[in-house]
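The values are calculated or read from the model by the stated rules, or taken from the named source; none is laboratory data. Keep in mind that what you see is a predicted model, and the values were worked out from it rather than measured. Glycine gets a Cβ as well: all are built from the backbone with ideal geometry, and neighbour counts include every protein chain shown.
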């Protein structure tokens, strides 16, 4: 059995916050109008807590021999799109100096990173996975994102949509992954490009990513596919 890694101390911190009455800030899902309203009201504090945790730097990672390929379950929101790698383009737009249309060769030309992290699903299962690709921060820097951009809207080929706070998007272990467990990213896991990060729950880690838009604020009516249906928006670990 893999040893419990040091980064779980962050989750223990959240657990203490939860048990001491902060569940309204950090709980899993807003399942009614009251809880959703409280979540919206307390969102800025939620973000400040997460920023404080992220300020400690990188999350400790696992060893490659701890990867369990069979533990990562496959799911999709609206079928499983198959994107032609030769025609793939990643749009980067919004509050940026230079909007981009990046193909896979463009992404491969950027500095490549590798992380071995735990993927945590809100349904209660988890898997240790090795991901490789480019830092999301490097792609946003290439586009020259504006300091006025507080959030990132993420579009996927299966019509899935989510939004992130810009601090989480810029975390050094948040990747646009093109590889998994030492091989090219499989279609079922989001090829050609998906999000991977140790600081967000699985439903924030979009697969088949096609568009990134830097935005100044959140639209209360369009925060994300699952978020607009009761799931907690921030979804931090």
Just a yes or no: is a residue in segment 54-61 at pLDDT 95 or above, under 20 Å from residue 158 (Cβ atoms), in contact with a strand residue (DSSP E or B) (Cβ under 9 Å, 6 or more places away or on another chain) and surrounded by 14 or more Cβ atoms within 10 Å (Cβ to Cβ)? no
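Of all residues in segment 191-237, which are free of Cβ contacts under 8 Å to residues at least 24 places away in the same chain and either under 27 Å from residue 58 (Cβ atoms) or in a loop (DSSP other than H, G, I, E, B) (or both)? Working first, answer last.
First, pick out the residues of segment 191-237 that are free of Cβ contacts under 8 Å to residues at least 24 places away in the same chain: 194, 219, 221, 228-229.
Once the filter is applied, which keeps residues that are free of Cβ contacts under 8 Å to residues at least 24 places away in the same chain and either under 27 Å from residue 58 (Cβ atoms) or in a loop (DSSP other than H, G, I, E, B) (or both), segment 191-237 yields 194, 221.
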Restricting to segment 180-190, name every residue that is surrounded by fewer than 24 Cβ atoms within 10 Å (Cβ to Cβ) and over 17 Å from residue 63 (Cα atoms). 184, 185, 186, 187, 188, 189
The number of residues in segment 95-128 that are over 14 Å from the mean Cα position of the chain (by Cα) and under 16 Å from residue 204 (Cα atoms) is 5
Report every pair of residues separated by at least 6 positions or lying on different chains whose Cβ atoms are under 6 Å apart, first residue within segment 121-142 and on the phi > 0 side of the Ramachandran plot, second part of a strand (DSSP E or B) and crowded, with 17+ Cβ neighbours inside 10 Å. 133/175; 133/176; 133/177; 133/178
Being under 19 Å from residue 187 (Cβ atoms) and free of Cβ contacts under 8 Å to residues at least 60 places away in the same chain is the requirement here; does residue 87 meet it? yes
